[in-house]
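Enquirer: This is the structure I want to talk about, given as structure tokens.
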Amino acid sequence: MRGAWKIGSIAGIAVQVHWTFLILLAWVALAYGAEGGPAAALRGALLISLLFATVVAHELGHALAARRFGVRTLDITLLPIGGVARLERFPEGAVPGLVIALAGPLVSGVIATVLLGGALLLEGPLVLLPGPGTPLLVQLGLANLLLCLFNLLPAFPMDGGRALRAALVAFVGPLMATRYAAAVGRVMAAMFGVVGLMSNPFLVLIALFVWLQGAAEEQAALVRHALRGRTVADALVRDVRVLAADALVGDAAHDLQHGLQQEFPVLVDGRLAGVVGQADLVRALAAGRGDAPVAEVMRRDVAPLPLGLPLSRAYERLQLAAAAELRSLPVVDQGELVGLLGLDTVTSLMAVEAAAAVARPRAGRDPLDAAALRAA
Ligand SMILES: [Zn+2]
């Protein structure tokens, strides 16, 4: 995520904090400081820091639950409106969906129970009354209780909404489950927006997040539906130009100008050693390295796509690659390079599929069927 700094990693997952989070920290410290002086300001900053440590624990709940279903978490980011665990994908199935969605609120609930239960046992019920003397850990416990309950609201893609979606999958399938959950999410977002405008600006931000992210995930569900049953092999370009490791950057740039291909697999002894893309070549040329071998500027960390991978999964990988300036990825079968899969190819395939879905009920036949078109 842009504008986020990595502050460490837990269980192999990078934890980063977005710069806007510092505004929140300063804002709370100032608000506390204005009322109670420097000591109160420090206390406010400490409370927010502790609160966000427990938010990280909440996100880790999601991440570790996801890991049990074989899903990697790319990173955890702290934003002023809360934390986000970015999973490489969210499982379609009802059971993994429910477990992953509910693991976060469960962690918050446990933290709240321990802190508030401990305070009750040690100090008696009066300690829970809000007031200037409320202990820091009680405030933290109450905040976690709120975090647990608020996240359970069915505002897809918040946790409660994801759980709702997962439960619906069992009845109406993944596509309609997402569409219903997103519709409920939009109603919730509208409510957050109205309440937020009257009371709390953060709620307005959350409303925006729910609305926009919900729409994006609904779109992704439509994509998965359009690509269902297809694999990488269905959109593979087999006839691709490959480079030897000692090919020169300048020559590769020449190939770039005179072909449609923007990424080139680099082979060493007939095996895929890396990929060099348009952006890599342009950067190397700009640095005056036209005479360098491509092996020096290629990317070695590009994981190739297996030929049998579902196309919807490949599409997600392509979108991540596009964010890193690669618009196609190498495809391997039994360790051998067999071609490239391009983001644009998959996008066109989806456009054709969408057109077919619209035209099919109208024309009563498959518009992709060329023979039928000629006969018409
Ligand atoms: Zn959560």
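The values are calculated or read from the model by the stated rules, or taken from the named source; none is laboratory data. Because the structure is predicted, anything quoted here is derived from the model rather than measured. Ideal geometry is used to build each Cβ from the backbone, glycine not excepted, and the neighbour counts take in all protein chains shown. SASA here: full protein model, heavy atoms, side chains in, ligands and nucleic acids out. Shrake-Rupley method; radii C 1.70, N 1.55, O 1.52, S 1.80 Å.
Enquirer: So which residues in the range 141-189 are buried (at least 20 other Cβ atoms within 10 Å of the Cβ), assigned by TED's automatic domain parsing to the domain that holds Gly44 and more than 15 Å from the ligand (Cβ to nearest atom)?
Expert: Correct list: Gly141 only.
Enquirer: Let me ask something else about it. Looking only at the range 206-221, which residues are over 16 Å from the mean Cα position of the chain (by Cα) and surrounded by 17 or more Cβ atoms within 10 Å (Cβ to Cβ)? Before you say what the answer is, go through the steps one by one.
Expert: Initial filter on the range 206-221 (over 16 Å from the mean Cα position of the chain (by Cα)): 206-208.
Scanning the range 206-221 gives Ile206, Ala207.
Enquirer: I'd like to verify a number: residues in the range 56-71 that are more than 13 Å from the ligand (Cβ to nearest atom) and hydrophobic (A, V, I, L, M, F, W, C), how many?
Expert: Restricting attention to the range 56-71, the residues satisfying the condition of being more than 13 Å from the ligand (Cβ to nearest atom) are 67-71.
Subsequent filtering for residues that are hydrophobic (A, V, I, L, M, F, W, C) retains 69, 71.
Number of matching residues: 2.
Enquirer: Considering the range 80-94 alone, what residues qualify as being within 15 Å of the ligand (Cβ to nearest atom) and within 14 Å of the chain's Cα centre (by Cα)? Walk me through how you get there before you give the answer.
Expert: Residues of the range 80-94 within 15 Å of the ligand (Cβ to nearest atom): 81-87, 90.
Matches in the range 80-94: Gly83, Val84, Ala85, Arg86, Leu87, Phe90.
Enquirer: Out of (1) farther than 27 Å from Ala323 by Cα; (2) away from the ligand (no atom under 12 Å from the Cβ); (3) open to solvent by less than 20 Å² (accessible area, probe 1.4 Å), what's the single condition that is false for Gly97?
Expert: Result: Gly97 passes all but (1).
Enquirer: Applying the selection to the range 1-53, what residues are among the charged types (D, E, K, R), modelled with pLDDT of 85 or more and closer than 30 Å to Arg67 by Cα? Walk me through it before giving the result.
Expert: Pass one, the range 1-53, residues among the charged types (D, E, K, R): 2, 6, 35, 43.
Those left that are additionally modelled with pLDDT of 85 or more: 6, 43.
Lys6 - this is the single residue of the range 1-53 that is among the charged types (D, E, K, R), modelled with pLDDT of 85 or more and closer than 30 Å to Arg67 by Cα.
Enquirer: Please name all residue pairs, on different chains or six or more residues apart, with Cβ atoms under 6 Å, provided the first residue is in the range 41-60 and is open to solvent by 30 Å² or more (accessible area, probe 1.4 Å) and the second residue is more than 16 Å from the ligand (Cβ to nearest atom) and in a helix (DSSP H, G or I).
Expert: If the second residue must be more than 16 Å from the ligand (Cβ to nearest atom) and in a helix (DSSP H, G or I), the pairs left are Leu50/Leu140.
Enquirer: Hey, Leu74 hits all of (1) at pLDDT 95 or above; (2) touching a Lys or Arg at 6+ places or on another chain (Cβ under 7 Å); (3) more than 12 Å from the ligand (Cβ to nearest atom) but one; which does it fall short on?
Expert: So the condition that Leu74 fails would be (1).
Enquirer: Next up: Across the range 107-122, what is the total count of residues that are within 15 Å of the ligand (Cβ to nearest atom) and crowded, with 18+ Cβ neighbours inside 10 Å? If you could, list the steps in order and put the result at the bottom.
Expert: Initial filter on the range 107-122 (within 15 Å of the ligand (Cβ to nearest atom)): 107-112.
In the following step, the residues that additionally are crowded, with 18+ Cβ neighbours inside 10 Å were identified as 107-109, 111-112.
The qualifying residues number 5.
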